[in-house]
Amino acid sequence: MEIKKAAVAGTMESSDVYVEIKPASDIAVQIESVVAQQFGEEIERVVRQVLEENGVKGAHVSLNDKGAVECVIRARVETAIRRGEGERDQ
Amino acid sequence: MQGDFLQETYEGGLKGVVRRRVEEFLSRQGLRYDKGIQYTVVLYDRQGEVAATGSLEKNVLKCIAVDEKWRGEGLTATVVSALLSQAFQQNRQHLFLFTKPRNKQMFLEFGFYEISRTEDILLMENKKDGIDSFVASLRRGQGSQGAVVANCNPFTLGHRYLIEQAAKACDTLHLFVLSEDASLFPADVRMELVKKGTAHLPNVLVHPTSDYLISSATFPTYFLKEEQIEKGAGGQLDLVVFGQHFAPALDIRCRFVGQEPFSPITALYNKQMQEILPRFGIQVVEIPRKEEGGAAISASRVRALLAEGKMDEVRALVPDTTWEFLQSPAGQDIARKAGESR
């Protein structure tokens, strides 16, 4: 799946995560999180896994996490990917 | 928690009853509903009262406020998230935010970083070191260095005179041409005409301003029509940004400006310049306007003449390079637009 345009998903409300995705030639993940110290690496692993599952080879993803659980992070990143490929909207 | 609030979004500026209610709400917080706002989010509580609001004007988040009694409920996060996703849908990725200086910490948590502040306004952007990396990307000069910031809408003999005078007074002159596309002549055309019109001056470096000088973010009232400008609305913040970020990085010690006989907002800006820039060790030099036919040459005069179709008179006020453009199909299109918007 190819990211064709910048897109966002999620919110910065408590227990949610705000995800921005931008087209790029490589993969980069940047995380701001209230729980970065305990879970930063875990969050990055989840994000990279979702990208891989969706066949995304190039994207810069940045997360502003307010303590979201894994399934929320997955859902938000997937939504951002869908929006970024620019076909099915929302 | 969020379920206790009803979220409504409004495209275009607010109108009627909702506008009055939001204006009232903001004024209680010491804020004004700015002219030029294009999108507003309002959260209502169960009684139907405004609990929180925020707005978007182009790429700037502003007029964000939460009712005292709902502080600590995370309503700002809801408002900011809604504004961010609207901005992204419009493909605006580089975003700015106005708030009161005391709210800095909260917006840091939403991924915004400080650019500059005055006593009562804090300007932030969603890129870490955004402004400093922009300034670092600009070509450096040498020796004694000065700057001119101008819209050049379009480039006239008046601009050329100002720049020639300024260029004589320093070793390198940095000439910033506004990047904001809010003028009759599009940004790329203005830039091109400036480059051609100053090509004979080897010590002039022409730069874009991105969103960082005289833009919707740093100086929103600059682009309003005269009758919309309220007293005191000025460019303090813009001047602080210049003094704090541009001048030290490029070693600019002097800012040249044309005397302003016409536009009240520019006249006010020049006056504020005299007050603020010296604090940053920058000298302000005002250069009298070049006259033609008994009146100062100005771009606004050129636009008015274009609108009236008085091309002979336009010819006397612009250099050959600008004149050539005005003769081209693209130039004639713009003249037609000027005529229609009269």
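Descriptive notes on the structure:
- The listed residues are B:TYR10, B:TYR44, B:TYR39, and the only one of them that is more than 14 Å from chain A (Cβ to nearest Cβ), over 23 Å from B:PRO101 (Cβ atoms) and touching a Ser or Thr at 6+ places or on another chain (Cβ under 6 Å) turns out to be B:TYR10.
- If the condition is being of a type in the set (Phe, Trp, Tyr) and more than 30 Å from B:ASP251 (Cα to Cα), then the stretch B:268-324 contributes only B:TRP323.
- Within the stretch B:72-90, the set of residues being more than 7 Å from chain A (Cβ to nearest Cβ) and open to solvent by 30 Å² or more (accessible area, probe 1.4 Å) comprises B:GLY72, B:GLU73, B:GLN89, B:GLN90.
- Residues satisfying the stated conditions in the stretch A:9-32, i.e. out of contact with any helix residue (DSSP H, G or I) (no Cβ under 6 Å at 6 or more places or on another chain), of a type outside the set (A, V, I, L, M) and in a loop (DSSP other than H, G, I, E, B): A:SER14, A:SER15, A:ASP16, A:SER25, A:ASP26
- Which numbered condition B:SER133 misses (of (1) outside any loop (DSSP other than H, G, I, E, B); (2) open to solvent by 20 Å² or more (accessible area, probe 1.4 Å); (3) in contact (Cβ under 8 Å) with a residue 24 or more places away in the chain; (4) over 25 Å from B:LEU31 (Cβ atoms)): (3)
- Of the residues making up the stretch B:60-69, those that are open to solvent by 20 Å² or more (accessible area, probe 1.4 Å) and either within 14 Å of another protein chain (Cβ to nearest Cβ) or free of Cβ contacts under 8 Å to residues at least 24 places away in the same chain (or both) are B:ILE64, B:GLU68, B:LYS69.
- Enumeration of residues in the stretch B:226-256 that are closer than 17 Å to B:VAL204 by Cα and either modelled with pLDDT under 95 or of a type in the set (Asp, Glu) (or both): B:ASP251
- Restricting the stretch B:293-324 to residues that are among the β-branched types (Val, Ile, Thr) and in a helix (DSSP H, G or I), the residue that is most open to solvent (accessible area, probe 1.4 Å): B:THR321
The values are calculated or read from the model by the stated rules, or taken from the named source; none is laboratory data. Since the structure is predicted, the reported quantities are computational estimates derived from the model, not experimental observations. Here the Cβ is made from the backbone with ideal geometry for all residues, glycine too, and neighbour counts use every protein chain on show. Heads up: the accessible areas ignore ligands, DNA and RNA and are worked out on the full protein's heavy atoms, side chains in. Shrake-Rupley method; radii C 1.70, N 1.55, O 1.52, S 1.80 Å.
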